[in-house]
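The values are calculated or read from the model by the stated rules, or taken from the named source; none is laboratory data. Keep in mind that what you see is a predicted model, and the values were worked out from it rather than measured. Don't worry about glycine lacking a Cβ; one is built from the backbone with ideal geometry, like all the others, and counts go over all protein chains shown. Side chains included, ligands, DNA and RNA excluded: accessible areas come from the protein's heavy atoms. Shrake-Rupley method; radii C 1.70, N 1.55, O 1.52, S 1.80 Å.
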Amino acid sequence: MNFQRYNQSTVEKEKITARLAVWPPPAFNVMAKPRGAICNLECAYCYYLKKASMYPKSDFRMSAEVLENFTRQYIQSQRVPQVTFVWQGGEPTLMGLDFFKQAMGFQRKYAGPGMRVENALQTNGTTLDDDWCAFFKENNFLIGISMDGPAHLHNFMRRDKGGAGTFEKVMAGLALLKKHHVAFNILASVHAANMDHPLDVYRFLRDEVGTEFIQFIPIVERANKKGEQRGNIITHRSVNGKQYGEFLIGIFDEWVRYDVGKVYVQIFDAALAKWMGQTGGLCIFAETCGTALVIEHNGDLFSCDHYVEPRYRLGNISRAGMADLFGSHKQHKFGLNKKDSLPRYCLNCEVLFACNGGCPKDRVKHTPDGEFGLNYLCEGYRAFFNHIDPAMRVMRDLIHQQQPPAKIMDLIAAPGSILQTDGLPVPAGESHSKNPSVD
């Protein structure tokens with residue numbers, strides 16, 4: 001946040017001071033990168049591979065000392081009875097199984113009475129074997145698999161160091177997870193290669209992979225050598241707003257007809273929460289950010305996964321307490337900036353309640369009146385949220401009537417009903433208030 005704009009107003013200064021006084025909240029999330037940016041793949045759109053240049057003399061392995069310090073501080077910093085360790089990379093399994101066995105030991109050592117500790121690990125799936133999957137099952141890990149659709153779409157971007165596609169290896173890894181009954185979900189990136197094939201991607205993940213949980217992550221990649229959030233030029237690999245909106249709409253129209261309550265698409269669940277007047281649980285659509293941090297292999301703590309760069313380094317947990325770094329004025333300013341830097345164009349938008357300007361990393365465009373800070377995906381988000389509005393109202397009212405939102409599928413299938421923004425059946429008591437989250 002640029003606080004200079006408040007210097008001319010004592011009233012505004014007092015408002016900011018009051019807002020800072022409630023910081024920090026009782027809990028926060030830290031994504032751990034025990035192998036840093038090191039990976040066995042070289043996916044074309046991966047921004048994190050470039051982060052290796054920040055540590056030119058490193059072996060990119062989290063030491064036992066850092067692991068124990070991180071585990072202790074992370075658990076002790078939470079003022080809630082549950083903590084989730086999220087392991088990412090690069091490729092976190094390159095640390096080896098013994099590292100994670102040690103991590104489980106430290107978690108048992110420091111978890112207080114009654115505290116629930118959970119683990120999630122995001123992997124490209126190519127390194128998995130029976131030993132890994134047995135360990136995941138024994139320790140109740142939730143595994144995220146990165147997969148962009150069927151082979152011809154997945155292999156376009158997701159290749160190994162030799163340039164070969166990885167689809168078959170990922171499918172083999174998925175088969176092992178299923179064999180060992182390990183819970184998994186799919187993280188699918190949306191980019192130039194698959195953006196025009198929403199139903200091919202969705203139906204493959206639903207029918208062939210058999211996943212019940214999907215995240216769709218838009219690739220918006222700035223063109224610079226360090227993978228930093230600098231500059232306004234977006235690479236040709238990225239998806240633009242219009243295309244991303246059409247991608248989501250295509251999948252939503254299939255999902256709302258056939259899969260409500262059967263397949264959980266993260267952005268659809270987050271949207272329904274917004275229509276219910278809740279926060280939604282997805283950071284890109286929250287009013288502010290700052291509670292999802294990243295720890296690198298050497299103990300450096302950063303403001304966000306997308307801002308692992310020197311100017312957003314909060315400090316190192318070996319020299320300062322994690323709770324103090326999280327609760328710092330610097331981190332709070334980072335979080336408040338999301339709301340405080342919204343262009344006027346966004347403040348007057350009919351879907352602001354759902355979008356909140358999207359992720360700050362994607363705010364690289366000018367508004368129609370020339371103000372900088374519009375999200376690169378704005379056109380798509382706006383089209384998507386307006387398109388789903390009638391269905392979200394129906395599901396919201398079904399929930400209010402203590403009925404399952406999946407009933408919307410029966411309503412749509414009823415004679416004379418069509419899946420159009422003005423044609424969805426409306427349960428009794430439907431409200432048409434301007435802000436769908438307010439009755």
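Tabulated data
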| item | result |
| --- | --- |
| Kirkwood-based Rg to Rh ratio, the stretch 39-152, C-alpha trace | 0.99 |
| Anchor Lys161: lysines whose Cα lies under 30 Å away (excluding residues fewer than 8 positions away in-chain) | Lys33, Lys50, Lys51, Lys57, Lys101, Lys137, Lys169, Lys178, Lys179, Lys225, Lys226, Lys361 |
| Spacing of the two label points (7 Å from each Cα toward its C-beta) at Arg319 and Asn140, in nm | 3.8 nm |
| Cβ-defined net charge surrounding Val182, 13 Å radius [Lys, Arg +1; Asp, Glu -1] | -1 |
| Label assignment, Cα extents along the principal axes in Å derived from the structure, set [x] 93, 63, 53; [y] 62, 60, 55; [z] 64, 62, 48 | [z] |
| Probe 1.4 Å, all protein chains present, accessible-area order of Phe372, Phe184, largest first | Phe372, Phe184 |
| GluC sites (Glu not before Pro) lying in DSSP loop within the stretch 39-121, provided at most 15 other Cβ fall within 10 Å | Glu42 |
| Distance (nanometres) between label positions extended 7 Å along Cα→Cβ at Asn386 and Asn348 | 1.5 nm |
| Sites Ala175 and Gln401 - FRET efficiency at Förster radius 41 Å, r taken between beta-carbons, to 0.05 | 0.45 |
| Inter-site label distance for Arg257 and Glu42 at 7 Å from Cα along Cβ, in nm | 4.3 nm |
| Ordering of 185-191, 259-265 by burial proxy (mean other Cβ atoms within 10 Å per residue, highest first) | 185-191, 259-265 |
| Sequence of His387, His181, His297 from largest to smallest accessible area, 1.4 Å probe | His181, His387, His297 |
| Surface share of carbon and sulfur [accessible, 1.4 angstrom probe, percent] for the stretch 82-173 | 50 percent |
| Accessible carbon and sulfur surface of the stretch 209-260 relative to its total accessible area, %, 1.4 Å | 51 percent |
| Net length gained if the chain between Glu68 and Arg116 were fully extended (0.36 nm per residue, minus Cα distance) | 15.5 nm |
| Full-stretch length increase - Ser53, Glu287 - with 0.36 nm per residue and alpha-carbon distance subtracted | 81.0 nm |
| Per residue value of the accessible surface for the stretch 233-338 (all protein chains in place, 1.4 Å probe), Å² | 37 Å² |
| Loop trypsin sites (Lys or Arg not before Pro), the stretch 87-170, which have at most 10 other Cβ atoms in a 10 Å radius of their Cβ (DSSP) | Lys161 |
| Partnerless Cys - the chain, beta-carbon criterion under 4.7 Å | Cys39, Cys133, Cys283, Cys289, Cys304, Cys346, Cys349, Cys355, Cys359, Cys378 |
| Where the stretch 60-183 is the region considered: accessible area per residue in Å², 1.4 Å probe | 44 Å² |
| Inter-part distance where the stretch 57-93 and the stretch 289-367 are each reduced to a Cα centre, Å | 20 Å |
| Glu228, Glu246, ranked by accessible area, largest first (probe 1.4 Å) | Glu246, Glu228 |
